[in-house]
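The values are calculated or read from the model by the stated rules, or taken from the named source; none is laboratory data. None of the values given here were measured: they were computed from a predicted structure. Quick reminder, even Gly has a Cβ in these numbers, built from the backbone with ideal geometry, and neighbours come from all protein chains shown.
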Amino acid sequence: MTESATPAADLRGKMRRTYRLMPDEEARAYLMRQHVAHVATVDESGWPYVNPLVYIYEGGDILYLHTGAEPGHFLKNLQHSPRICLEVSEMGPLHPGHRFACNSALVYTSVMVWGIIRIIDDREQKALFFDRLLEKYGDPSWQFEPGYPAIDKIILYELPIEVLTGKRSKGLSH
């Protein structure tokens with residue numbers, strides 16, 4: 001690969017198979033229902049790093065993630081470049097192809113999000129994030145004492161969504 005003097009085209013959200021593009025409203029609804037986001041960052045040497053994270057997305061143009069407060073690959077990469085790509089997906093069955101295996105088709109749904117992430121230090125926003133996290137991932141029968149005494153042991157990230165696309169394959173329609 002060679003470096004070019006002209007800037008590369010921005011391909012975020014561009015799709016070759018446009019017939020698989022989900023309407024924006026459906027893609028956002030799918031993003032709300034999923035549980036694990038795979039978040040890609042790039043380090044100073046240009047190496048990609050993908051981290052599976054839980055997240056909160058309640059519609060609109062903001063998504064929230066968190067990590068532990070100990071510095072690791074994710075935070076170091078964001079300090080280098082706050083641009084991220086986030087993906088959620090679900091795989092369905094493989095439909096057998098006609099005559100040859102290479103004519104088979106996989107049923108799947110995926111949503112991709114791109115944006116520039118920022119750290120939120122506000123304790124009230126962190127508490128609200130944890131409230132939503134417990135609603136989404138917890139059991140309603142759980143009982144806890146009020147408050148989050150370990151709240152300073154996490155980093156809360158806010159991702160303003162710049163580009164969002166959803167893609168769906170229904171496999172083969174025999």
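Structural remarks
- When restricted to residues that are among the hydrophobic types (A, V, I, L, M, F, W, C) and assigned to a strand (DSSP E or B), the stretch 95-113 contains 6.
- Of the residues G60, G13, G46, G92, the single one that is in contact with a helix residue (DSSP H, G or I) (Cβ under 9 Å, 6 or more places away or on another chain) and either part of a loop (DSSP other than H, G, I, E, B) or surrounded by 13 or more Cβ atoms within 10 Å (Cβ to Cβ) (or both) is G60.
- Residues located in the stretch 131-157, provided they are at pLDDT 95 or above and touching a Phe, Trp or Tyr at 6+ places or on another chain (Cβ under 6 Å): L156
- From the list H35, H73, H66, the lone residue that is touching a Phe, Trp or Tyr at 6+ places or on another chain (Cβ under 9 Å) and surrounded by fewer than 12 Cβ atoms within 10 Å (Cβ to Cβ) is H35.
- Tally of residues being within 30 Å of R168 (Cα to Cα) and free of Cβ contacts under 8 Å to residues at least 12 places away in the same chain across the stretch 112-153: 3
- Of all residues making up the stretch 16-25, the number that are exposed (fewer than 14 other Cβ atoms within 10 Å of the Cβ) and not in a loop (DSSP other than H, G, I, E, B): 4
- Pairs, first touching a residue at least 12 places away in the same chain (Cβ under 8 Å) in the stretch 32-58, second assigned to a strand (DSSP E or B) and among the charged types (D, E, K, R), C-beta under 6 Å, six or more apart: H38/E87
- Residue within the stretch 67-82 that is basic (K, R), over 14 Å from I155 (Cβ atoms) and not in a loop (DSSP other than H, G, I, E, B) present: no
- The combined condition, being modelled with pLDDT of 95 or more and touching a Ser or Thr at 6+ places or on another chain (Cβ under 7 Å), is fulfilled by Y30.
- Members of the stretch 117-165 found to be within 15 Å of Y57 (Cα to Cα) and assigned to a loop (DSSP other than H, G, I, E, B), listed by number: I117
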